[in-house]
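Structure record follows, encoded as structure tokens.
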Amino acid sequence: MKIKLIVNNGPDEGRQFKLESGELYDLGRGSSTTIRIRDSYISRVHARINVEEDGAMIHDWGSSSGLFINNEQVEEADLENGDVIRMGNTEMTVEV
């Protein structure tokens with residue numbers, strides 16, 4: 001499975017990230033993350049996405065401000081086409 005994250009809102013608006021199956025992606029503002037987001041309202045390591053052949057799952061990685069999918073706070077969730085991920089002031093749309 002291949003996924004694209006498109007940043008719709010926030011400091012990185014317009015950026016796109018391509019995610020490949022069989023990989024783990026850490027999202028956050030820290031320099032050690034796989035997908036670095038320049039948003040001071042998110043944690044250094046805010047969330048992790050696990051992409052597999054049959055789907056993708058996102059997990060809150062102990063963030064201080066929470067992880068939201070389609071405006072619902074979650075600890076973890078399966079990602080579907082059209083989902084909107086919100087962390088801090090950043091919103092990203094999922095394309096599968």
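The values are calculated or read from the model by the stated rules, or taken from the named source; none is laboratory data. Because the structure is predicted, anything quoted here is derived from the model rather than measured. Here the Cβ is made from the backbone with ideal geometry for all residues, glycine too, and neighbour counts use every protein chain on show. Heads up: the accessible areas ignore ligands, DNA and RNA and are worked out on the full protein's heavy atoms, side chains in. Shrake-Rupley method; radii C 1.70, N 1.55, O 1.52, S 1.80 Å.
Points to keep in mind about this one:
- Rg in Å to one decimal, and Dmax rounded to a whole Å, for the chain via C-alpha atoms: 11.7, 33
- Amide H partners (placed H, <5 Å) of S65, local residues excluded: S43
- Residue-wise HN-Hα couplings along region 70-82, as the Karplus relation 6.51 cos²θ - 1.76 cosθ + 1.60 with θ = phi - 60° gives them from phi, are 6, 6, 10, 5, 9, 8, 7, 7, 6, 9, 10, 4, x Hz; Gly and Pro carry x.
- Net length gained if the chain between N81 and E23 were fully extended (0.36 nm per residue, minus Cα distance): 19.0 nm
- ³J(HN,Hα) computed for each position of region 38-54 - Karplus, 6.51 cos²θ - 1.76 cosθ + 1.60, integer Hz, glycine/proline x: 8, 10, 5, 8, 10, 6, 4, 10, 8, 8, 10, 10, 10, 9, 10, 4, 9
- Probing with 1.4 Å while keeping every protein chain in the model, the per residue accessible area of the chain equals 55 Å².
- Phi angles across region 17-28 convert, under the Karplus curve 6.51 cos²θ - 1.76 cosθ + 1.60 with θ = phi - 60°, into 3J(HN,Hα) values of 10, 9, 10, 10, 5, x, 10, 10, 10, 8, 10, x Hz, Gly and Pro given as x.
- Distant-in-sequence amide H partners of H46 (H built 1.01 Å from N, under 5 Å): L27, G28, R29
- In region 40-90, the trypsin sites (Lys or Arg not before Pro) that fall in loop regions by DSSP, at most 16 other Cβ within 10 Å: R44
- Summary of the geometry: region 1-24 and region 37-60, compared by the centres of their Cα atoms, lie 10 Å apart.
- The amide H of D12, built 1.01 Å from its N in the peptide plane, has R38 as neighbours under 5 Å, considering only residues 5 or more places off or on other chains.
- Taking GluC sites (Glu not before Pro) across region 24-96, the ones in a DSSP loop with at most 12 further Cβ atoms lying within 10 angstrom of their Cβ are E53, E75, E80.
- Within the accessible area of the chain, the carbon and sulfur atoms contribute 39%, probe 1.4 Å, all protein chains present.
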